[in-house]
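Participant: Sharing a structure here in structure tokens format.
What follows is calculated from the coordinates using simple rules that are stated; it is not laboratory data. If you're wondering where the values come from, they're calculated on a predicted model, not measured in any experiment. Cβ coordinates were reconstructed from backbone atoms using ideal geometry, including for glycine residues, and neighbour counts include every protein chain displayed.
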Amino acid sequence: MNLTTADITELKALLAYPKGIVILTHRNPDGDAIGSSLGLRHFLEKFGHVVKIILPSEYPTTFHYLRGIDDCLVFDNEQSRSFEEISKADVICCLDFNALDRVDKMGPAVLQSKAKKILIDHHLDPEPFADYVLSDTGASSTCELIHQFIHQLGEMEKLDANIGDALFTGLITDTGSFKYNTRPETYKVAAALKERGVDDYGLQDKIFNTVSEKQMRLLGHCLANRMELVPEYSAGIIALTKQDYVDFDIKRGDTEGVVNYLLMLKGIEIAAFIREQPTIVKLSLRSKGDISVQEICRNHFNGGGHKNASGGAAYAKLQDIIDRFKAVLPKYVDKKVPVL
Ligand code: 5GP
Ligand code: MN
């Protein structure tokens, strides 16, 4: 879904005078969620708008380098202030999510609000709750679409290195450093941002070369002790128990990227990273090619996302979720015929 010419005209009128704007993104915000939110915020502030970003839950410390990240409200920590900001907003921008259950208890408040709602996103199956929708599942990232949004508004001269750093962050994280989800447009956006002064190597270094000793040892533990392969269905699983969370003092963001290691194995095309959390078991799935982990998450794990990267969660025992994942594999992955 693209913005129509009429949408653009209306949006220009809407944004022509200073407004109170709330930017929302999804729970467990990643580089794209945070980058698109900050990039859009810095852009909108250039018009004199008063902009507040609300993150449903805490963000990984990796992204501390992004200007303005400290001013984000975290709903889990400041619920009443978050509701207050939503209720007084003139405009609500929903970035990098497709369904209001991704913003937890804020969802009903957004639905009730009289504010104009703008959805900019690249997940499959967007819910129809917004007045203006820029949804493109072919886009590498929401950051790529924020660039398009700025372009469509005819405001490219406002795009500075500060906005660029935020948007480039989402390009890097949602494409695994330009390894997947790319299209020609992705590289055009990257080039445009670099032209405006983005230090791409500096960002890659900040994002990937800041792993703590604890995280590195945890990765070793995942690979050495918690990995199981199901070769006949090209699958790999890493499962962490509640006790692992205690033993390794695992905090938000510490397990970022672990799931991708499974896809480095020859013959592995679908990867599951399953975590036993205090009340829920959380699951991250990744795949190659035609295997749709989005369908698996949607049909079996109350979740969704993208064809090759999705997540979900369930109130169940860790072993039950591992078993459920193995049980559904034959429905989605061709069985390998052993070579005799
Ligand atoms: P991750 O596995 O890194 O948490 O998320 C991968 C992708 O799946 C992201 O695009 C994320 O938005 C989406 N995703 C993760 N968890 C859920 C979930 O519980 N529900 C839905 N609908 N999407 C999810
Ligand atoms: Mn994204």
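Participant: Using the Karplus curve 6.51 cos²θ - 1.76 cosθ + 1.60 with θ = phi - 60°, what ³J(HN,Hα) values do you get for each residue of region 257-268, in whole Hz, with x for Gly and Pro?
Facilitator: Whole-Hz 3J(HN,Hα) from phi for region 257-268: x, 4, 4, 5, 4, 4, 6, 7, 6, 4, x, 9.
Participant: May I pose another question? Can you work out the base-10 log of I(q)/I(0) for region 5-208 at q = 0.13 1/Å, using the Debye formula on its C-alpha atoms alone?
Facilitator: Debye output, listed in q order: -0.64.
Participant: Whole-Å semi-axes of region 180-235's equivalent ellipsoid, largest first, each the root of 5 times a Cα gyration tensor eigenvalue?
Facilitator: Details: eigenvalues 231, 86, 3 Å².
Whole-Å semi-axes of the equivalent ellipsoid: 34, 21, 4.
Participant: For region 170-269, take the alpha-carbon Rg, divide it by the Kirkwood Rh, and send me Rg/Rh.
Facilitator: 1.06
Participant: Exactly which trypsin sites (Lys or Arg not before Pro) in region 169-275 are in a DSSP loop and have at most 14 other Cβ atoms within 10 Å? Could the numbers behind the result be given before it?
Facilitator: Numbers: sites: LYS179, LYS188, LYS194, ARG196, LYS206, LYS214, ARG217, ARG226, LYS242, LYS251, ARG252, LYS266, ARG275; in loops: LYS179, ARG196, ARG226, LYS251, ARG252, LYS266.
The qualifying sites are LYS179, LYS251, ARG252, LYS266.
Participant: Counting pairs of alpha carbon atoms under 8 Å apart in space and at least six apart in sequence, what relative contact order in percent does region 5-208 give?
Facilitator: The normalised contact order for region 5-208 reaches 22 percent.
Participant: Quick one: what do you get for region 99-174 if you divide its Cα Rg by 2.2 N^0.38 Å?
Facilitator: Here the Cα radius of gyration is 1.21 times the empirical estimate.
Participant: I would also like to ask the following. At 222 nm, what value in deg cm²/dmol follows for the chain if DSSP H runs of at least 4 each add -39500 (n - 2.57) and the sum is divided by all its residues, to the nearest 500?
Facilitator: Per the formula, -12000 deg cm²/dmol.
Participant: Another question about this same structure. In whole Å, how far is the Cα centre of region 81-145 from that of region 211-246?
Facilitator: Taking the Cα centre of region 211-246 as reference, the centre of region 81-145 is 34 Å away.
Participant: Charges only on Cβ, +1 for Lys and Arg, -1 for Asp and Glu: so what's the dipole of the chain about the Cα centre, in debye to the nearest 20? The partial results should precede the final answer.
Facilitator: On the way: 40 positive and 47 negative charges, 106 e Å.
Roughly 500 debye for the chain.
Participant: Can I ask one more? Applying the Karplus parametrisation 6.51 cos²θ - 1.76 cosθ + 1.60 with θ = phi - 60° to the phi angles of region 108-124, what ³J(HN,Hα) value in whole Hz is obtained for each residue in order, glycine and proline being reported as x?
Facilitator: These are the phi-based 3J(HN,Hα) values: x, 5, 5, 4, 6, 4, 7, 4, 6, 10, 10, 10, 10, 6, 10, 8, 6 Hz.
Participant: Only Cα pairs under 8 Å and at least 6 apart count here; give the relative contact order of region 213-332 as a rounded whole percent.
Facilitator: 19
Participant: Further question on the same structure: Using only Cα atoms, tell me the angle between helix 5-14 and the longest principal axis of the chain; keep it within 0 to 90° and round to the nearest 10.
Facilitator: Taking the Cα atoms of the chain, the angle to 5-14 is about 70 degrees.
Participant: What FRET efficiency would be calculated for the residue pair VAL230, ASN209, taking the C-beta separation as r and a Förster radius of 25 Å, to the nearest 0.05?
Facilitator: Details: r = 33 Å, r/R0 = 1.31.
For VAL230 and ASN209, the calculated efficiency is 0.15.
Participant: Oh, and also: Using θ = phi - 60° and the Karplus form 6.51 cos²θ - 1.76 cosθ + 1.60, what ³J(HN,Hα) does each residue of region 206-213 get, whole Hz, x for Gly and Pro?
Facilitator: Once rounded to whole Hz, the list reads 5, 6, 9, 9, 10, 6, 7, 4.
Participant: To the nearest 20 debye, what charge dipole does region 1-138 have about its Cα centre, counting +1 at the Cβ of each Lys and Arg and -1 at the Cβ of each Asp and Glu?
Facilitator: Computed about the Cα centre, the dipole is about 500 debye.
Participant: For region 1-54 and region 272-316, write down the distance between their C-alpha centroids in whole Å.
Facilitator: 29
Participant: Under the rule of at least 5 residues apart or a separate chain, name every residue whose amide H is placed under 5 Å from the amide H of VAL230.
Facilitator: Amide H neighbours of VAL230: ALA235, GLY236, ILE237.
Participant: Follow-up. Can you divide the C-alpha Rg of the chain by 2.2 N^0.38 Å and report the result to two decimal places?
Facilitator: 1.00
Participant: Let me ask something else about it. Which of the chymotrypsin sites (Phe, Trp or Tyr not before Pro) found in region 88-137 are loop residues per DSSP with 16 or fewer other Cβ atoms within 10 Å of their Cβ?
Facilitator: Hits after loop and neighbour filter: PHE129.
Participant: So how do THR4, THR186 line up by other beta-carbon neighbours within 10 Å, fewest first?
Facilitator: Ranked by crowding around the Cβ, least crowded first: THR4, THR186.
Participant: Near LYS19, which aspartates and glutamates are there with a Cα under 16 Å away, not counting those fewer than 8 places off in the same chain?
Facilitator: GLU10, GLU45, GLU84, GLU85, ASP90
Participant: Let me ask something else. Can you list residues whose amide H is under 5 Å from LEU240's amide H, if they're 5+ apart or on another chain and H is modeled 1.01 Å from N?
Facilitator: Excluding prolines and chain starts, which carry no amide H, the hits are ILE274, ARG275, GLU276.
Participant: State the answer as a single residue: which of GLY257, CYS72, PRO60 lies farthest towards the positive end of the charge dipole of the chain, with beta carbon charges of +1 for Lys and Arg and -1 for Asp and Glu, about the Cα centre.
Facilitator: Among GLY257, CYS72, PRO60, the one farthest towards the positive end of the dipole of the chain is GLY257.
Participant: Positive end of the charge dipole of the chain (Lys, Arg +1 and Asp, Glu -1 on Cβ, about the Cα centre): tell me which of ILE163, HIS123, SER36 has its Cα farthest that way.
Facilitator: Of the candidates, HIS123 comes out farthest on the positive side.
Participant: Would you be so kind as to identify which of ALA313, ILE146, ALA190 lies farthest towards the positive end of the dipole of the chain, taking Lys and Arg as +1 and Asp and Glu as -1 on Cβ and the Cα centre as origin?
Facilitator: ALA313
Participant: Going by amide H atoms built from the backbone, whose H comes under 5 Å of the H on LEU124, apart from near neighbours?
Facilitator: For LEU124, the qualifying residues are GLY305.
Participant: Roughly how compact is region 126-229, stated as its Cα Rg over 2.2 N^0.38 Å to two decimals?
Facilitator: 1.33
Participant: May I ask you to sort CYS143, CYS94, CYS72 by Cβ crowding, counting other Cβ atoms within 10 Å and putting the fewest first? Walk me through the intermediate numbers first.
Facilitator: On the way: CYS143 37, CYS94 26, CYS72 22.
The order, fewest Cβ neighbours first, is CYS72, CYS94, CYS143.
Participant: Percent antiparallel among DSSP beta bridges with both residues in region 213-332, to the nearest 5? Could you put the intermediate results ahead of the total?
Facilitator: On the way: 19 of 25 bridges.
In region 213-332, DSSP labels about 75 percent of beta bridges as antiparallel.
Participant: Under 8 Å for C-alpha pairs, at least 6 residues apart: give me the relative contact order for the chain, rounded to a whole percent.
Facilitator: Values: 624 pairs, mean separation 43.8, N = 340.
Rounded, it is 13 percent for the chain.
Participant: Got a sec? How would ASP7, ASP32 order by Cβ neighbour count within 10 Å, fewest to most?
Facilitator: ASP7, ASP32
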